[in-house]
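Please treat every number below as a calculation from the coordinates, not as lab data. What you see is a predicted model; the values in this text were computed from it and never measured. Reconstructed Cβ throughout: ideal geometry from the backbone, glycine too, with neighbour counts over all protein chains shown.
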Amino acid sequence: MKIKNREKAYDGYFKIYKLTVEQHGHTFVREQFDRGDAVAALVFDTEQGKYILTRQQRIGPESELVEVVAGMVDEGEEPETSIKREIEEEIGYHVNHLEHLHTFYSSPGGCTERVFLYYAEVSEQHADGGGKKDEHEHIEVVALTPQELDKLVTPDAKTIIAQQWVRLHRKKKSEGIH
């Protein structure tokens, strides 16, 4: 696949590009949703023995979701710095330990967004969290036991991937694999 031309079709909160693409001798046009890079983290409070997630209204599904902490990578910022900032803003914790789990595209058929997914351990909530008011965030902190996390039904892909990581991690521990 070769990009022959790229035009900005929309420049608002997000950007949309009109691409002229050549592939296997054919030329065609596709739109590309430029979302930027995102970060997400499954946060575990080692003192409470609970996973800390968020509950908030989301524009995409036009409904409230319980999901792992997430946000956008600011320009010039490293993903690791971004997720620590998001954990502070959304749930009010400093990060004690951070482990990168996966990087994946949320919807590669037309969206540029890469999600950097982490596992984070925390031990003390020093602020209420709740998100940034100037970004119109209204985030509720949700603490789930491991059993509650396992039973959580969500349409959110990054949270499903995090749940599967926990299940795989737990299985490996029970089998003595590290």
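Structure notes:
- Radius of gyration over Kirkwood radius for region 57-129, both on Cα atoms: the Rg/Rh ratio is 0.98.
- Relative contact order for the chain: 22 percent, from Cα pairs under 8 Å spaced at least 6 residues apart, divided by residue count.
- Violating pairs (Cα-Cα greater than 22 angstrom) within the set LYS84/LYS158; LYS84/LYS132; LYS18/LYS158; LYS50/LYS132; LYS151/LYS171; LYS50/LYS172: LYS18/LYS158; LYS50/LYS132
- Shape summary: region 1-120 maps onto an equivalent ellipsoid whose semi-axes, from the alpha-carbon gyration tensor, are 34, 15, 13 Å in decreasing order.
- Selection from GLY36, SER106, THR81, by position along the positive dipole direction of the chain (Cβ): SER106
- Charge dipole (the chain, unit charges on Cβ, about Cα centre) - positive-most of GLY71, HIS138, VAL115: VAL115
- Rg/Rh for region 44-178 stands at 0.95; both radii use Cα atoms, and Rh follows the Kirkwood definition.
- Close amide H pairs (under 5 Å, H built 1.01 Å from N) link TYR118 with ALA40, ALA41, LEU42, LEU101, residues at least 5 positions away or on another chain.
- Placed amide H near ARG58: partners under 5 Å, 5+ positions off or other chain: SER63, GLU64, LEU65
- In this Cβ point-charge picture (+1 for Lys and Arg, -1 for Asp and Glu), region 1-142 has a dipole of about 960 debye about its Cα centre.
- For region 92-159, the normalised intensity computed at q = 0.18, 0.24, 0.26, 0.27 Å⁻¹ comes to -1.07, -1.30, -1.24, -1.22 (log10 of I(q)/I(0), Debye sum over alpha carbons, equal scatterers, no solvent).
- In this structure, GLU80 and HIS126 have a Cβ-Cβ separation that, at R0 = 22 Å, corresponds to a calculated FRET efficiency of about 0.65.
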